[in-house]
1. Could you list, ordered by first residue, the pairs with Cβ atoms under 8 Å in which the first is in the stretch 150-179 and within 15 Å of ARG135 (Cα to Cα) and touching a residue at least 40 places away in the same chain (Cβ under 8 Å) and the second is assigned to a loop (DSSP other than H, G, I, E, B) and among the polar types (S, T, N, Q), at least 6 apart or interchain?
2. Could we say that TYR247 is in a helix (DSSP H, G or I), under 21 Å from ILE122 (Cα atoms), among the hydroxyl-bearing types (Ser, Thr, Tyr) and open to solvent by 20 Å² or more (accessible area, probe 1.4 Å) here?
3. Taking the stretch 265-297, which residues are assigned to a helix (DSSP H, G or I), over 14 Å from ASN313 (Cα atoms) and open to solvent by 30 Å² or more (accessible area, probe 1.4 Å)?
4. When you check THR174 against the structure, is it in a helix (DSSP H, G or I) and open to solvent by 30 Å² or more (accessible area, probe 1.4 Å), yes or no?
5. Just one of ALA147, ALA182, ALA167 is of a type in the set (Gly, Ala, Ser), farther than 26 Å from TYR240 by Cβ and either open to solvent by less than 50 Å² (accessible area, probe 1.4 Å) or assigned to a helix (DSSP H, G or I) (or both); which is it?
6. Specify the residue that is surrounded by the most Cβ atoms within 10 Å (Cβ to Cβ); the eligible residues are those in the stretch 376-398 that are farther than 21 Å from ALA351 by Cβ and among the aliphatic types (A, V, I, L, M).
7. Would you please name the residue that is nearest to VAL306 (Cα to Cα), looking only at residues in the stretch 194-218 that are without any contact (Cβ under 8 Å) to a residue 40 or more places away in the chain and polar (S, T, N, Q)?
8. Can you tell me which residue in the stretch 345-363 is farthest from LYS176 (Cα to Cα), limited to those that are among the small types (Gly, Ala, Ser) and open to solvent by 10 Å² or more (accessible area, probe 1.4 Å)?
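The values are calculated or read from the model by the stated rules, or taken from the named source; none is laboratory data. Because the structure is predicted, anything quoted here is derived from the model rather than measured. Here the Cβ is made from the backbone with ideal geometry for all residues, glycine too, and neighbour counts use every protein chain on show. Side chains included, ligands, DNA and RNA excluded: accessible areas come from the protein's heavy atoms. Shrake-Rupley method; radii C 1.70, N 1.55, O 1.52, S 1.80 Å.
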Amino acid sequence: MAARGSGGLLLCVALLLAMPALAATPADRAECAASADKADVGGAACSRIIDDASEQVAERVKAFTNRGRGSFNRKDYDRAIADYGEAIKLSPRDASALAHRCEAYESKEDHVAAIADCTEAIKIDPEYGRAYNNRGVAYYGLHEYDAALADHAEAIRVDSRDVWAYARRGMAWTEKGEFDRAIADTTEAVTIDPKYAFGFGQRGQALFRKRLITKKDGWEPAIADYSEAIKLDPNLVWLYSSRGVAYSNNRQYDLAVPDCSEVIKREPKNSGGYNCLGVAYEGLKDYRRAIAAYDQSISINPRNGVAYWNRGNANAALRKIDDAIADYDRAIAINPKDFNAFNSRGKAWVAKGDSNQAIADFTQAIQFGPSYVEAYNNRGLSNEVLGRRTDAIADFRKAQSIDPADRVSKQQLRVLGF
């Protein structure tokens, strides 16, 4: 009897396997189409369309793309890439599938693959703003900021109200040290959409960096923008760490620590939260606790160049100059255009008595951050040490032209007889 039972079970399985897949229905098509940006809706409906060999190719392409989008929203980028790839096999000139796969590759930080896909999408459809924006993000990831600027400008040409393009172009301007242009672009984004949390957050970043580099204005405008962004979208966790760092720079450590701790509470593996906490401890001159926080940040994300830069500053404060230089080296290896790290490494070379190396680093900082007043002053001081009076005067005058209220350049020009 046991043998007859097994045979019957095998026969049932064979019959089930031989049955054709259920045909997709109009309801499946509607549900799948509605699922494009909903992570947990419509996947089964899309799968039924995909598995229905009698379904039109165009419908199966849409189903692969929509199912891929669901996987993307769940941060399952490999599955998303696989589905977009199947859509592209069925329809090699589908610009949408290529642009979406570009976005998925970029989310994996595969910038080169992302650029290739978006470039192909743009060849197919030169008016496809999403492809320009996604490629711009990939160029930004490679620190190719001019290329990013050009792509976001194209997206804006296609749609003059594209808030994402304005915000991302603002980010690229910030990285080039063109802070007023960054502020203008992000302001345009939040003017078009006054409830655009990301836009307020990025304007906060531009205002923060402007204060950090040029010493102009206070920290309060950046803090206000971060706060507005948090009010609009409390789930954007990076805003808390950004505001926490701004509070620290404003010496409001009692407000900084709770913001940093909120990040770590929500996301215990958030590198930015520990970096934020390190900045707060550094402000309190508790450099060893700061270094421990930066160590934690780096262990979570070894590509966090800002954490290396900050740890270098803490090591420099402890007079561990060689350790500081090693950290600045790592920050620069991660981002070869990191003008903060070049400036800080230059100061470390000054501490070691090597003015020539220092000048080389200050020059790089100026190249990548043309409005960096401190770097001009630092190079001017090193030129003075080497007896290069004319070069020193030129540096201090440039610093004054950027910020007439800057006390260091004003004082040094007086010392030099001006």
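1. From the stretch 150-179, no pairs qualify.
2. Taking the combined requirement at face value, the residue does not satisfy it.
3. Correct list: LYS265, ARG266, TYR274, GLN296.
4. no
5. Only one candidate qualifies: ALA147.
6. Out of the qualifying residues, it is ILE393.
7. The residue in question is GLN205.
8. For the stretch 345-363, the residue satisfying everything is GLY353.
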